[in-house]
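Rule-based calculations on the coordinates, nothing more; no lab input. What you see is a predicted model, and the numbers here were worked out from it, not measured in a lab. For neighbour counting, all protein chains shown are included, and Cβ atoms are generated from backbone atoms with ideal geometry for every residue, glycine included.
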Amino acid sequence: MEFFLQQTVNGLTLGSVYALIALGYSMVYGVLKFLNFAHGEVYMFGAFAGYGVLTVLGGPSALMVPVWLAITLMFVAAMAVASGIGVALERFAYRPLRKASRLAPLISAIGASFFLQATALLLFTANSRSYDAPALIPIDSGVTIGPIDVWSVRILVIVAAFLLMILLTWWVKRSRVGKAVRAVSFDTEAAAMMGIDVDRVIVATFLIGSALAGIGGVMVGLVFGRIFHLMGFIAGLKAFTAAVVGGIGSIPGAMLGGLLIGFAEAYTTSYISSTFQNLIVFGLLIVFLLVRPHGFLGRPELAKV
């Protein structure tokens, strides 16, 4: 039971990160009805931005500022870099193809993904970097829940992820821009006729989704330590799987799907073998595409006649 509870915490931590990345897929798909396959690379650049701030501040073992301030600055830098890249992708890679067939922006997204991977390789080389989080926050810090000890970094990741989900849900439902996002997602042409600036709404969608992915990149660096230029590829595919399982286009669905994928990966690694974790995760994607393509909380698209 103790081992099971520990793996549950691991799955909850990993699932929270996948959920943050999946939100970008869901938000962009909800508005533009296409998949931004370069989103994983946005998450990767957020991780490197956080590492850059940590390095400038002296590194984990010789910080020049308090730990809480260092982590805050890492999150801010990751959000700024990731959102900037996301907005640039929308402006130069997707906007010119907005009225083209659905295949064109998909190919553009794949090309942008490879472009960002190659850019990261040139900027950071192929060497992996380590946040060395135990030196930043001791591994024995945290809380004890029953028979297990939960590291404070994992608590930070889980709480921050859930808090961001709640804030995003409130923003979409209550704020003026959030209501505009919902209007554009239902009918772009009708929203434009009602005076909504569609371009600005789409930019806001990319900005927020990319910022959340950047936060996820820092969280992965803090929990798992190692970051490298190809880290966004598999993470992006798993976040896409989470979005599909939960219901792509649904914010609560992205959270639910991320948690399910995180649990599936954690339990597969601990009870079967890490060799099969990708097999199980992408097997779930195939099953849902065949049995329930709109996911748990998604809605089937109505065919217009």
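Numbers below:
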quantity	calculated
In degrees, nearest ten, helix 277-291 long axis to first principal axis of the chain (Cα)	30 degrees
Lys pairs, the chain - Cα-Cα below 23 angstrom, 8 or more residues apart or on other chains	6
Estimated vicinal HN-Hα couplings, Hz - region 188-205 in sequence order (Karplus 6.51, -1.76, 1.60; Gly, Pro = x)	5, 5, 5, 5, 5, 5, 7, x, 7, 7, 4, 4, 5, 5, 5, 4, 4, 5
Proximal charge balance of I280 [Cβ under 12 Å; K/R count +1, D/E count -1]	0
Burial ordering of V177, V65, fewest other beta-carbon atoms within 10 Å first	V65, V177
Extended-chain gain in nm, criterion 0.36 nm per residue less alpha-carbon gap, I234 and L121	39.0 nm
Estimated vicinal HN-Hα couplings, Hz - region 136-145 in sequence order (Karplus 6.51, -1.76, 1.60; Gly, Pro = x)	7, 10, x, 5, 8, 7, x, 10, 10, 10
Value of relative contact order over region 192-305, rounded to a whole percent, pairs C-alpha under 8 Å and six or more apart	23 percent
Inter-part distance where region 241-280 and region 70-128 are each reduced to a Cα centre, Å	24 Å
Region 2-291, dipole about Cα centre (Lys/Arg Cβ +1, Asp/Glu Cβ -1), debye to the nearest 20	800 debye
Cα-based equivalent ellipsoid of region 247-296: semi-axis lengths in Å, sorted from largest, via gyration tensor	21, 13, 6
Rg in Å to one decimal, and Dmax rounded to a whole Å, for region 1-115 via C-alpha atoms	17.7, 54
Expected 222 nm ellipticity per residue - DSSP helices of 4 or more, -39500 (n - 2.57), all of the chain, to 500	-24000 deg cm²/dmol
At 1.002 mPa s and 20 °C, Stokes D of region 2-291 from Kirkwood alpha-carbon radius, µm² per second	111 µm²/s
